[in-house]
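Visitor: Pasting a structure here, questions to come.
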Amino acid sequence: MPDHYLFAEINVEWPDPTTYEEMARAWLDGGFAALAGSHRQALEEGPKLPMEAMRRSMPCGPPHAAWGFVSIARHDGRQLRRSSRVISARSMSWFLRQLADPPRTATIGLSVLDERGYPGRSPLRITVDRPEARDWPEAIDWAVLSCRIPEGDLLDPTQQEVVLRFLRGISEGMDSSFANITYDDGLGKTGLERTLGPPWKFPYETIPMSRQALRGYEWWTICPKELAGPLGGAGALRATGAFHEVVRLPSGALWLQATKHYRDYGPDAYAAVFHALAPALPAGIPKRFDRRDDEPAERIVYLDASAVRP
């Protein structure tokens, strides 16, 4: 069975520096502890890893050992400059101090080394990013909190609850404009954004509009408070029967979990979610694309949301 990765993200307006530091610490350091605690322990208790592995191609440590890096990217006015270090107690302290002056991107990346000592399977990559695009300047006013995890983390019911508990704790402390978990494509697009077009829109275009239209719908989705009303509120969405859980967060946004278990999220379930959320989705008929046998199918209904609205 192919080892697919999932991309969970939360979108929110870019905060002031003090709020950013608190938010980024909770997401990055808190996510490292909650989602990859055993890997963190292995790094703390394992052999010292060569720091020079970030500067040249070489084995990063003993075969099958835990490995990781921290990275900070800042724009110097001309170009993006990145500083990356192999994870250690010292580099983690440096990384967390950098958050006091909000960077363009802050990332913790983890791997299990292969038989040659090079990074292999990744249990977690967690990031706070500030989208930036020359032709869409509004994007820089937003923060994207994201993490890339193996799909197996949600296929296992116990680990699924660990992931949801972490996401819930973060979500209750902010006024999110959107959130979901989808298959990772390396671009940060939702399943709907990958299939709806032309024009084919990128996250730096859709995130600034995420309080006006949902970017997509998945097994787990957060709908902003601005769209909760047009959807009838929490009570109306519960009444559709499309969701295992509908929770009004402190901000007024709605936490939507389609099925109790991620592994049960199939065509009937995502069709029900689509119809429940259609009034808040962008118009247009998604396109079907040929896929390799090892590529997961998009969990998308190939209908125009505007045509099924009440």
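The values are calculated or read from the model by the stated rules, or taken from the named source; none is laboratory data. Since the model is a prediction, treat every value here as computed from it, not as a measurement. All Cβ positions, glycine included, derive from the backbone under ideal geometry; neighbour counts span all protein chains shown.
Visitor: If residue 57 satisfies every condition in (1) in a loop (DSSP other than H, G, I, E, B); (2) in contact (Cβ under 8 Å) with a residue 24 or more places away in the chain but one, which is the exception?
Guide: Among (1) in a loop (DSSP other than H, G, I, E, B); (2) in contact (Cβ under 8 Å) with a residue 24 or more places away in the chain, residue 57 violates only (2).
Visitor: Moving on. Which count do you get for residues in the stretch 256-310 that are surrounded by 13 or more Cβ atoms within 10 Å (Cβ to Cβ), part of a loop (DSSP other than H, G, I, E, B) and over 20 Å from the mean Cα position of the chain (by Cα)?
Guide: 10
Visitor: Scanning the stretch 3-52 for residues that are of a type in the set (Asp, Glu) and more than 17 Å from residue 142 (Cα to Cα), which turns out surrounded by the most Cβ atoms within 10 Å (Cβ to Cβ)?
Guide: The extreme case among them is 29.
Visitor: Does any residue of the stretch 27-34 turn out to be outside the structural domain of residue 177 (by TED's automatic domain parsing), at pLDDT 95 or above and within 18 Å of residue 178 (Cα to Cα)?
Guide: yes
Visitor: Quick one: count up the residues across the stretch 60-78 that are over 26 Å from residue 100 (Cα atoms) and surrounded by 14 or more Cβ atoms within 10 Å (Cβ to Cβ).
Guide: Number satisfying all stated conditions: 4.
Visitor: Has the stretch 195-202 got any residue that is at pLDDT 95 or above, within 15 Å of the chain's Cα centre (by Cα), buried (at least 18 other Cβ atoms within 10 Å of the Cβ) and not aliphatic (A, V, I, L, M)?
Guide: no
Visitor: Tell me whether the stretch 79-95 contains one or more residues that are in a loop (DSSP other than H, G, I, E, B) and surrounded by fewer than 16 Cβ atoms within 10 Å (Cβ to Cβ).
Guide: yes
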